[in-house]
1. Can you tell me the relative contact order of the chain? Whole percent, Cα pairs under 8 Å, sequence separation 6 or more.
2. Gly19's amide H: which non-local residues (gap 5+, or another chain) put their own amide H closer than 5 Å, with H modeled 1.01 Å from N in plane and none for Pro or chain starts?
3. Run the quick spin-label model on Ala105 and Ser234: label points 7 Å from Cα toward the beta carbon, then report their separation in nm to one decimal.
4. When the chain is treated as a GNM, springs tying every alpha-carbon pair under 10 Å, which of Ala156, Ala278, Ala142 comes out with the largest mean-square fluctuation?
5. Nearest 0.05, what FRET efficiency do Val119 and Asp203 give at R0 = 41 Å with Cβ-Cβ as r?
6. Can you tell me the dipole magnitude for the chain around its Cα centre, using point charges on the Cβ only (Lys, Arg +1; Asp, Glu -1), in Debye to the nearest 20?
7. Considering the zone a paramagnetic label at Arg172 would reach in this model (a point 7 Å from Cα along the Cα-to-Cβ line), which residues of region 219-252 have amide N under 17 Å from it?
8. With N set to the residue count of the chain, report its C-alpha Rg divided by 2.2 N^0.38 Å to two decimal places.
Amino acid sequence: MTDTATAAAEAQTIELQAGELRLALRADLGGCVAGLWRAGLPVLRSTEPAELASSRLAGCYPLVPYSNRLGYRRFRWLGHEHTTQPNFDDNPHSVHGVAWQRRWAVVERQADSACLRHVHAADAHWPFAFEVEQRFALSPQALDVRLVFTNRAAHAQPVGLGWHPYFPKRARSRLHIELDTRWDNDPTGLPVRRVEQPGIDADIAHLDFDNCFGGWRGAARIRDERLSMRLTSSLPYLVVFTPQTRPYYCVEPVSHVSNAIHMADPAAHGLASVEPGAKLEGWMRLEVDAA
């Protein structure tokens, strides 16, 4: 990175500190978390903020106004056909909404808290105007994040919220999550069948998921030989991604089933219809302690 690029990145960087936890944000890169550390140890996949090249390489980014895949970049809403644009390599679907790839503005910053805002004008990637704030609060024990979405369009729009945290894979990385259902996918990654899933309780090395799960209860417990974490959220679904060939895994709180907008009853699968001027909120809390 050139000196000019580094200076520009530093101008868009926010760092929060509370006890042994340090949080770094990049407002210009999708309002993302560049890194979260405990006593210098990465809690999330972490990069020093001035060195982060894109939100896709971040520790966590927001999912707005939908999570995961929007099937074949098209949908029907209130009797009208809409399209979106490719935004994730050669994936046939649009992925993770639009806010994670857009610049956010810094609204407020304190030593242990910050607020970022993104204002979206209707465009080819998402046809409805909205505004969303992402509020971060760091304590010595936990990171709290809240999304507040406001519909700025002239009519109701479909909305989903979520986050995409990446956790570094360590020798004894393990998940314990109480769930009751799993959505299995077609070859393109769209959910096609709901099956029973009697929870997850296993080492990451033994898991091979890229699925949306329902019936999430209690805290998702995320552990390894260095850290013990508890992930909770107001959002009722989880996407769990455990690629066997990557040095990370993901546990993503989301408000709706992937591609819910194409299901017979989107609302029954978590997708919200938000009226003009109305809000939709969600929160996520990650508690962090030594193992």
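1. Working: 790 pairs, mean separation 50.5, N = 291.
Here the relative contact order equals 17 percent.
2. none
3. 2.4
4. Ala278
5. 0.45
6. Approximately 140 debye in magnitude.
7. Taking a point 7 Å out along Cα→Cβ of Arg172, the residues of region 219-252 whose backbone N falls under 17 Å are 221-230.
8. Numbers: Rg = 18.2 Å, N = 291, 2.2 N^0.38 = 19.0 Å.
With N residues counted in the chain, Rg over 2.2 N^0.38 Å equals 0.96.
Any read-out appearing in this document is the output of simple, stated calculations on the displayed coordinates, not a laboratory observation. Every value quoted in this text rests on a predicted model; they were computed, and no experiment measured them. We place every Cβ from the backbone using ideal geometry, glycine too, and count neighbours over all the protein chains shown.
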